[in-house]
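The values are calculated or read from the model by the stated rules, or taken from the named source; none is laboratory data. Just so you know, these numbers come straight off a predicted model, no measurement behind them. Here the Cβ positions follow ideal geometry from the backbone for every residue, glycine too, while neighbour counts run over all protein chains shown. All accessible areas refer to the heavy atoms of the entire protein, side chains included, with ligands and DNA or RNA removed. Shrake-Rupley method; radii C 1.70, N 1.55, O 1.52, S 1.80 Å.
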Amino acid sequence: MLNFLIGSGRCGSTLLYEVLARHSQVGFISNLDERLPFAPNFIRRLGSRLYRCTPGDFPAKRVRPCEGQRVLSNEVSPLVVDSFRDLMAADVTPWLAQGMRRFFEERAVAEGVEHYLHKFTGWPRALFLHEIFPEARFVHIVRDGRAVANSWLQMTWWRGHLGHSGWHFGPLPEVYRQEWEDAGRSMVHLAGIGWKTLMDAFTFARRGIPSHLWMEVRYEDLIADPRKQIDVILEFLGLPWTADFERRFARYTFSVSRTDAFRRNLTPDQLALLNRSLADHLHAFGYSA
């Protein structure tokens, strides 16, 4: 069974991915596979086994789960990892579908697992993936848009400094472009609008996915009560909470220190601008502006 963990990026998806990848029944792309294009099967098996041997929240910088952007681009298509808009069911061609199925099926067989998990951040791609893998389940991890915007601004890969003509998400919808122009073209504001743009895409995708295949988890809830949230996620994915997983999970430390760092990292005026811009979207996901 293939399942997907999806989120905006800087939303806590890496933490959740790394915890779930500790489960012995879960296969995933490791950075060994990413660094060695067309790696032999034993490398893929080795990556997951080495990762599970490291302590629970050890950084595991040498071997860890990853999104596999390079290997997906090389073996399937760059369209899957670097599209200027969200991918839809209509974007699926027979060639792409065959390539995607082969990519994940070969890795699952190589690792000898029935459950394979992959993480995508940025655009949801859920409708595209659902067209190819109609039984796949999606776990969407959401984080407060102000925290996401604040984090994006600190990332070296963030291209918002080029404006919406050079960033990751293609042309701004006219209503958002006008909002940004009217408010003074703030970089902080543009990052917030980026989060809004992605949340619009996730909301649209969710409407097209059967409800039993979609689960939403807030990062803040995961950090506040990790055992409860992980238990619910495992059940949704059809995975048991085993004694082996319990040992690995017990070694993790979940810190709440970064959940509201945006309040310290942004000025009162910047925060007020984000609150105004994101209010409706924040409320829709259970946050107060």
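At a glance:
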| read-out | value |
| --- | --- |
| Summed residue charge, Cβ within 9 Å of Tyr116's Cβ, Lys/Arg positive, Asp/Glu negative | -2 |
| Estimated dipole of the chain in Debye, rounded to 20 [Cβ of Lys and Arg +1, of Asp and Glu -1, Cα centre] | 860 debye |
| Extension gain (nm, one decimal) between Ala243 and Ser211, 0.36 nm per residue minus Cα-Cα | 8.5 nm |
| Gyration tensor (alpha-carbon) shape descriptor, segment 38-149, a/c threshold 1.5 | oblate |
| Debye equation applied to the C-alpha atoms of segment 125-282, log10 I(q)/I(0) at 0.13 Å⁻¹ | -0.76 |
| Rule-of-thumb Rg ratio for segment 140-219 [Cα; 2.2 N^0.38 Å; N residues] | 1.19 |
| Quotient of Cα Rg and 2.2 N^0.38 Å for the chain, N being how many residues it contains | 1.00 |
| Hydrodynamic radius by Kirkwood, which averages 1/r over all alpha carbon pairs of segment 96-171, in angstrom | 15.3 Å |
| For segment 105-165, size of Cβ-based charge dipole, Lys and Arg +1, Asp and Glu -1, in debye | 480 debye |
| Extension reserve of the Ser255-Asp280 stretch, reckoned as 0.36 nm per residue once the Cα distance is removed | 6.2 nm |
| Gly27 long-range amide H proximity, modeled H, under 5 Å | His115, Tyr116, Leu117 |
| Point-to-point label distance, Ala289-Cys53, nm (Cα→Cβ direction, 7 Å offset) | 5.2 nm |
| Given charges at beta-carbon only (K, R positive; D, E negative), |dipole| of segment 101-204 in Debye | 240 debye |
| Placed amide H near His168: partners under 5 Å, 5+ positions off or other chain | Arg159 |
| Carbon/sulfur fraction of accessible area - segment 154-260, other protein chains in place, 1.4 Å, % | 53 percent |
| Largest to smallest principal axis extent of the C-alpha atoms in segment 192-251, angstrom | 41, 27, 13 |
| Counting DSSP beta bridges with both ends in the chain, the antiparallel % (nearest 5) | 5 percent |
| Solvent exposure of segment 185-253 as accessible area per residue, Å², 1.4 Å probe | 45 Å² |
| Debye log10 I(q)/I(0) for segment 222-289, one point scatterer per Cα, at q = 0.12, 0.17, 0.29 Å⁻¹ | -0.53, -0.79, -1.25 |
| Segment 227-245 versus segment 164-191: alpha-carbon centroid distance in Å | 40 Å |
| Length released on extending from Glu75 to His161, taking residue separation times 0.36 nm less the Cα-Cα span | 27.8 nm |
